[in-house]
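A short worksheet on the structure shown next.
The values are calculated or read from the model by the stated rules, or taken from the named source; none is laboratory data. Here the structure is a predicted model, which means the values were calculated and not measured. Methodologically, a virtual Cβ is constructed for each residue, glycine included, from the backbone with ideal geometry; neighbour enumeration extends over all protein chains shown.
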């Protein structure tokens, strides 16, 4: 990358760390400038406003989420193996972010009732991830791993509830078994929706007179 691109990437990296700690609302040009040992005008040269910087942080967070969670999971076979990988990597990521805070979760609390570009960006990111989960669930239905009457939207709703519960119980309540419970919850939930084992097809005896 050129020097300007390297500086911009370094600013986003610093801002991402600060946003994880203090939330998107706690992210200011001044704090980033101090972290980077730059002037405020130097940061403004790369981002015209605080809002531009916040959106850049969201885009970088989503990029890393896709690289860490979604793309590796797509290497798994269609159906439950892929869905299990997506959820497992999601829980892995949230368990790492517990100490610093998850921008998806904290951003939802900060912007749930505040219309504007940042909320629109955040909502779009979350909907995109939900759509990937729905797609994986529909594929699991198609290949016969989940029952035909499975409601993908309901299943995603519950899975997201598990992840939010991990964040709540670990960050606020300091429960140490939240991640384990979230994994157990997935297994129990899939057990409810899992399609019954198919009996092997028995071919009719071959007519030797033919």
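Checked against the criterion of being buried (at least 16 other Cβ atoms within 10 Å of the Cβ), more than 21 Å from the chain's Cα centre (by Cα) and modelled with pLDDT of 95 or more, region 148-162 has at least one qualifying residue.
Being crowded, with 18+ Cβ neighbours inside 10 Å and free of Cβ contacts under 8 Å to residues at least 40 places away in the same chain is the filter; apply it to region 34-49 and report the residue that is farthest from residue 137 (Cα to Cα). Walk me through how you get there before you give the answer.
Of all residues in region 34-49, those crowded, with 18+ Cβ neighbours inside 10 Å come to 38, 43, 46-47.
Next, only the ones that are free of Cβ contacts under 8 Å to residues at least 40 places away in the same chain stay: 38, 43, 47.
Numbers: 38: 47, 43: 43, 47: 39 Å.
Per the criteria, the residue is 38.
Scanning region 54-70 for residues that are within 18 Å of residue 124 (Cβ to Cβ) and surrounded by 14 or more Cβ atoms within 10 Å (Cβ to Cβ) gives 54, 55, 56, 57, 58, 60, 61, 62, 65, 66, 69, 70. Looking at region 1-85, the helices (runs of 4 or more DSSP H) lying wholly inside it that each contain 1 or more residues that are within 22 Å of residue 111 (Cβ to Cβ), modelled with pLDDT of 90 or more and within 17 Å of the chain's Cα centre (by Cα) sit at 3-22, 50-65. Return yes or no: is residue 89 surrounded by fewer than 19 Cβ atoms within 10 Å (Cβ to Cβ), farther than 19 Å from residue 24 by Cα, touching a residue at least 12 places away in the same chain (Cβ under 8 Å) and within 14 Å of the chain's Cα centre (by Cα)? It is true that residue 89 is surrounded by fewer than 19 Cβ atoms within 10 Å (Cβ to Cβ), farther than 19 Å from residue 24 by Cα, touching a residue at least 12 places away in the same chain (Cβ under 8 Å) and within 14 Å of the chain's Cα centre (by Cα).
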